[in-house]
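Scroll down for the structure; my scribbles are underneath it.
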Amino acid sequence: QFNIPIVFRGPTGSAGQLGATHSQSFDNWFANCPGLKVVVPSNPYDAKGLLKSSIRDNNPVIFMESEQMYGDKGNVPVEDYLIPIGQANVIQEGTDVTVVSYGKMLKTVFESSDALKKENILIEIIDLRTLRPIDYETIIKSVKKTNRLIIVEESWPLGSISSEISHTVQKLAFDFLDAPIERICSADTPMAYSPVLVEEFLPKKIDIIDKVKSVLYI
């Protein structure tokens, strides 16, 4: 046993009109490597707290960020604080459907939530924060409350984080599910350069709204 305290920061996911070469999602690739910890923040506050925890961790950490979020602004305390690696965050309480996501896809999830609230549908939103380890305890606790689960991610569907979560939840909380687990990923194609195709490639607000209504049998 020995320590390898090192952090690798890098971009992941779509960066706009940059084609397939500069718009790949590597977060789930790295999460497949035993021994690595994989962190993907969704907001400025978490970015600071998770990065500090990553630097102080005695294991190699892959810290993945969306290039499209580098201009995001938020309240970040000047004082020192840490966010534990491996602890998801329930950022919105809800009763109807659990929606799990991470990174910049949470912006799309919140847009969907605002639209669904107008129809009296309240989704519980969980920010994974880290992809390895995954906080299954928080997810399953939420599923036992809402009885429904949707996972939203920017990665491709094959071998994805949503596949892993779907397997684990159906294994450990099958009797609590009132509908099949649904997931929303990017299209199973290389990223295009055309802005119209980029729009079609990525998960959209309407995709989440439709899936939520589907699992609610609306």
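The values are calculated or read from the model by the stated rules, or taken from the named source; none is laboratory data. If you're wondering where the values come from, they're calculated on a predicted model, not measured in any experiment. Using ideal geometry, Cβ is built from the backbone for each residue, glycine included, and neighbour counts are taken over all protein chains shown. Ligands, DNA and RNA are excluded from the accessible area calculation, which covers all protein heavy atoms including side chains. Shrake-Rupley method; radii C 1.70, N 1.55, O 1.52, S 1.80 Å.
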task = Scan the range 174-202 for residues that are in a loop (DSSP other than H, G, I, E, B), of a type in the set (A, V, I, L, M) and either open to solvent by less than 30 Å² (accessible area, probe 1.4 Å) or closer than 23 Å to G103 by Cα (or both) and jot them down.
result = A179, I181, A187, M191, A192, L202
request  = Scan the range 91-113 for residues that are closer than 28 Å to S23 by Cα, open to solvent by 40 Å² or more (accessible area, probe 1.4 Å) and more than 11 Å from the chain's Cα centre (by Cα) and report the count.
outcome  = 3
ask   = In the list K211, K141, K145, K117, which residue meets the criterion of being open to solvent by 20 Å² or more (accessible area, probe 1.4 Å), closer than 27 Å to G16 by Cβ and at pLDDT 95 or above?
value = K211
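Only residues that are open to solvent by 10 Å² or more (accessible area, probe 1.4 Å) and in contact (Cβ under 8 Å) with a residue 60 or more places away in the chain: list them for the range 148-160, please.
Taking the range 148-160 as the starting set, the residues that turn out to be open to solvent by 10 Å² or more (accessible area, probe 1.4 Å) are 148, 154, 156-159.
Selection gives R148, E154, W156, G159.
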task = Could you check the range 76-170 for strands (runs of 3 or more DSSP E) lying wholly inside it with 1 or more residues that are of a type in the set (G, A, S) and touching a helix residue (DSSP H, G or I) at 6+ places or on another chain (Cβ under 8 Å)?
result = 97-101
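Return the only residue of S25, S54 being crowded, with 16+ Cβ neighbours inside 10 Å, under 19 Å from the mean Cα position of the chain (by Cα) and in a loop (DSSP other than H, G, I, E, B).
S25
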message = Can you report the number of residues in the range 71-90 which are surrounded by 11 or more Cβ atoms within 10 Å (Cβ to Cβ) and either over 23 Å from T138 (Cβ atoms) or among the aliphatic types (A, V, I, L, M) (or both)?
response = 7
inquiry  = I'm trying to understand the selection: among the residues of the range 13-57, which are polar (S, T, N, Q) and modelled with pLDDT of 95 or more?
reply    = S42, N43, S53, S54
